[in-house]
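A.B. asks: What follows is a structure written as structure tokens; I'll ask about it next.
No lab work stands behind these numbers, since they all come straight from the coordinates. All figures in this text were calculated on a predicted structure; none of them were measured in a lab. Please note: Cβ atoms are built from the backbone with ideal geometry, for glycine as well, and neighbour counts cover all protein chains shown.
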Amino acid sequence: MAVMVKDYKRSFKKVNEIIESYGRNPVELVSILQEIQEEYRYLPEEILNYIATAMGISPSKVFGVATFYENFSLEPKGKYIIKVCDGTACHVKNSMDLLNALQKKLKLKDGQKTTKDMMFTLETASCLGACGLAPVMVINEEVYGKVTPEKAEKIIDEIMKREGNSDDKNN
């Protein structure tokens, strides 16, 4: 179970466990960062500095790796990460209409990617590798193909219902 975003300041116990499981080996930095991000849903700056100190490597190396790879995030992400494909096939099939509908449904303002309740993060992807299903969106690991704005809204409604959230609590 992921630790709430605000809880990381209380203890680095889980971070230490992850670092120790890789023998404090700097070669394992990417794997360590992956596990920490899985735990916290992002890579907090304080934890990146702690990793550098605990592993005896420079903070610039840790930050360099964390910012080099697209899958790492230095900003908190929601429990459900929604990726809307904007590759050529999806774009031609109106993926931007899908994105706009999701932004409206989640009440995300310009530049905002994550709902205030930390339930959803909305991102675009250059290609999700499912061109035959265009337009495509992925929520966490689940792929949804031939998604219309209406279908996307229903999927979000189902998640909100399952989570006990109502539309008005999102933002």
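A.B. asks: For the chain, list the cysteines whose Cβ sits under 4.7 Å from no other cysteine Cβ?
C.D. replies: By the Cβ distance rule, which asks for a partner under 4.7 Å, the isolated cysteines are C127, C131.
A.B. asks: Report the antiparallel proportion of the DSSP beta bridges in the chain as a percent, rounded to a multiple of 5.
C.D. replies: Working: 7 of 13 bridges.
The antiparallel proportion sits near 55 percent.
A.B. asks: Something else about it: Work out the count of Lys pairs in the stretch 75-163 where the Cα-Cα distance is under 12 Å, with the pair 8 or more places apart or on different chains.
C.D. replies: 9
A.B. asks: Normalised by the number of residues in the stretch 79-153, what is the relative contact order in percent for Cα pairs under 8 Å and 6+ residues apart?
C.D. replies: Relative contact order here is 44 percent.
A.B. asks: Determine the calculated [θ] at 222 nm for the chain from helices alone, applying -39500 (n - 2.57) to every DSSP H run no shorter than 4 residues and normalising by the residue count; nearest 500 deg cm²/dmol.
C.D. replies: Per the formula, -12500 deg cm²/dmol.
A.B. asks: To continue, here is another question. Mind putting a number on the dipole of the chain about its Cα centre? Charges go on the C-beta only, +1 for Lys and Arg and -1 for Asp and Glu, and I need it in Debye to the nearest 20.
C.D. replies: 300
A.B. asks: Turning to a different aspect of this structure: Evaluate the relative contact order of the stretch 38-79 (contact order divided by residue number), counting alpha-carbon pairs under 8 angstrom at least 6 apart; express in whole percent.
C.D. replies: Normalised by residue count, the contact order of the stretch 38-79 is 53 percent.
A.B. asks: Pairs of alpha-carbon atoms within less than 8 angstrom and 6+ residues apart define the contacts here; what relative contact order does the stretch 81-125 have, in percent?
C.D. replies: About 54 percent, as a whole number.
A.B. asks: Would you work out if the stretch 11-68 is rounded, prolate or oblate? Take a ≥ b ≥ c from the square roots of the eigenvalues of the alpha-carbon gyration tensor; rounded if a/c is under 1.5, else prolate when a/b is larger than b/c, oblate otherwise. Please report the intermediate quantities before stating the final value.
C.D. replies: On the way: a/c = 1.30, a/b = 1.07, b/c = 1.22.
It is rounded, given that a/c, with a ≥ b ≥ c, falls under 1.5.
A.B. asks: Shifting gears a bit: In nm, give the distance between the simple-model label positions of E141 and D110, each being 7 Å from the Cα along the Cα-to-Cβ direction.
C.D. replies: Going from the E141 label point to the D110 one covers 3.8 nm.
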